[in-house]
Amino acid sequence: VSKQSGRDQATYFNEEIGAIDKERRLIEADIRRGIAQNEFILHYQPRVHLPNGQTVSVEALVRWEHPDRGLIMPDNFIPICEETGMIEDLGKIVLDIGCKQALAWANAGIDMGVSINISPRQFQGTQLMDALKAFTKTPGFPRHKIELEITENVLFGDHNKIAEKLQEIVEMGYRIAIDDFGTGYSNLSYISRFPLNCIKIDKSFVSQLPESGPIIQLILTLAKQVGATAVAEGVETQAEYDWLLAEGCTQVQGYYFSKPVPLLRLQTSFDASAIKPAAPSAKTANAP
Ligand code: C2E
Ligand code: MG
Ligand code: MG
Ligand code: MG
């Protein structure tokens, strides 16, 4: 590795960048192909009501059933879809599957909500509103059972426009949740300005209990003040569960209850009796 001329290095780096570019274009094309071939599916993670352990709703989480590479998780393709704009098409598919599932449950007399993640670009686009409007025309469609999860970075930009859009969505009968609360936008003024039904406490706070206790308490209070339901994400342990129950957090999601699962396993595996709430007097669960 003695004396590589500047020119050789430039060539080397250009080739390297060329290879990355090519790889990236292949992935994009593969995602596009996967969308066309209907390879994207939903898994569902129960949101559980404390203290009775009932599943009140499920969060729809997209997965890619790749013919060669197996099941691919969203962190591997959602950012690419977001950058390229493919998220509009993928988001439409997710919304479609999630809404049809909600309708199927409603038709079967099952009282089950469905939460659907909406990315910033999807929120800004026009397809989302068109699709939401179209669904409201379906007879029996339980729009009040559909919750759109948006992250705080959706809220960057013109607040008048965003407020208007959120208002329109809520007026159509859908619900709005703020996802990963506390990790993004630090200007909290939007909380009282926008119509919000639900605040999802980011799993990083839950996993840092008990140190993060004051932050979670603050979010619980804030949610109550603005009339939103607080949901704790990423609950993995009995200790976290006990702490949340003792502090009056009534809705939780996490591996402690269930990982996201395919529909078939959701329908057959859920057993309310397997979820054992701590004694309601568990205020002492705070103690280390
Ligand atoms: P998210 O919306 O915050 O979803 C929660 C993520 O945490 C999911 O990861 C879920 O599997 C995981 N999780 C749930 N319980 C636990 C737990 O107890 N411990 C830990 N460590 N993790 C837990 P997943 O399914 O890989 O999704 C990652 C992210 O990808 C989502 O975060 C969401 O931002 C995005 N995403 C997923 N599906 C969609 C979609 O259909 N559309 C859009 N735009 N984004 C999606
Ligand atoms: Mg979410
Ligand atoms: Mg989240
Ligand atoms: Mg997330």
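The values are calculated or read from the model by the stated rules, or taken from the named source; none is laboratory data. Remember, predicted model here, so these are calculated numbers, not experimental data. Counting neighbours? That spans all protein chains shown, and the Cβs are built from the backbone with ideal geometry, glycine included. Quick note on the areas: whole protein, heavy atoms, side chains included, nothing else; ligands and nucleic acids left out. Shrake-Rupley method; radii C 1.70, N 1.55, O 1.52, S 1.80 Å.
Got a sec to turn the phi values of the stretch 153-158 into Karplus ³J(HN,Hα) couplings, 6.51 cos²θ - 1.76 cosθ + 1.60 with θ = phi - 60°, whole Hz, x for Gly and Pro?
Listing the rounded values in order: 6, 5, 8, 5, x, 6 Hz.
What does the convex hull of the Cα atoms come to per residue for the chain, in Å³?
189 Å³
Could you work out what % of the accessible surface of the chain is carbon and sulfur, using a 1.4 angstrom probe and leaving DNA, RNA and ligands out of the count?
53 percent
R0 = 51 Å: FRET efficiency of Ala239 with His159, Cβ-based, nearest 0.05?
Computed FRET efficiency for Ala239 and His159 comes out at 0.85.
Ignoring ligands and nucleic acids, what accessible area does Ser189 show with a 1.4 Å probe (Å², nearest 10)?
Rounded to the nearest 10, that gives 60 Å².
Below 8 Å, C-alpha to C-alpha, sequence gap of six or more: please give me the relative contact order for the chain in percent.
Relative contact order, the chain: 17 percent.
Under the rule of at least 5 residues apart or a separate chain, name every residue whose amide H is placed under 5 Å from the amide H of Gln54.
The list, which skips near neighbours in sequence, is His49.
Considering Cα pairs under 8 angstrom that are at least six residues apart, work out the relative contact order of the stretch 51-186 and quote it in whole percent.
It comes to 22 percent, rounded to a whole number.
Give, as ranges by residue number, the residues of the stretch 47-90 whose backbone N falls under 18 Å from the point 7 Å along Cα→Cβ of His144.
56-58, by backbone N distance to the label point.
Note down the net charge around Asp68, summing +1 for each Lys or Arg and -1 for each Asp or Glu among other residues with Cβ under 14 Å from its Cβ.
Net charge around Asp68: -1.
Could you bin all the Cα-Cα distances of the stretch 68-208 into 5 Å bins starting at 0 and give me the percent of pairs in each, rounded to whole numbers?
With a bin width of 5 Å, the distribution comes to 2, 9, 18, 22, 20, 16, 9, 3, 1, 0.
Pick from Leu148, Leu103, Leu188: which residue has the top mean-square fluctuation in a GNM of the chain where Cα pairs under 10 Å get a spring?
In the Gaussian network model the winner is Leu188.
At Asn76 and Glu211, where each label point lies 7 Å from the Cα along Cα→Cβ, what is the point-to-point distance in nanometres?
It is 3.2 nm.
Which residues in the stretch 26-46 have a backbone N closer than 15 Å to a point placed 7 Å from the Cα of His66 along the Cα-to-Cβ line?
Within reach of a label on His66, which here means backbone N under 15 Å from a point 7 Å along Cα→Cβ, the stretch 26-46 contributes 26-35, 39-41.
Going down the list Lys92/Lys165; Lys92/Lys133; Lys137/Lys259, which pairs span over 24 Å between their C-alpha atoms?
Among Lys92/Lys165; Lys92/Lys133; Lys137/Lys259, the Cα-Cα distance tops 24 Å for Lys137/Lys259.
Ranked from highest to lowest mean number of other Cβ atoms within 10 Å per residue, what is the order of the peptides 229-239, 59-69?
Most protected by this proxy first, the peptides run 229-239, 59-69.
Under the classification rounded if a/c is under 1.5, otherwise prolate if a/b is larger than b/c and oblate if not, where does the stretch 107-157 fall, given a ≥ b ≥ c as square roots of the Cα gyration tensor eigenvalues?
oblate
Per residue, how much accessible surface does the chain expose to a 1.4 Å probe? Answer in Å², no decimals.
The answer is 52 Å² per residue.
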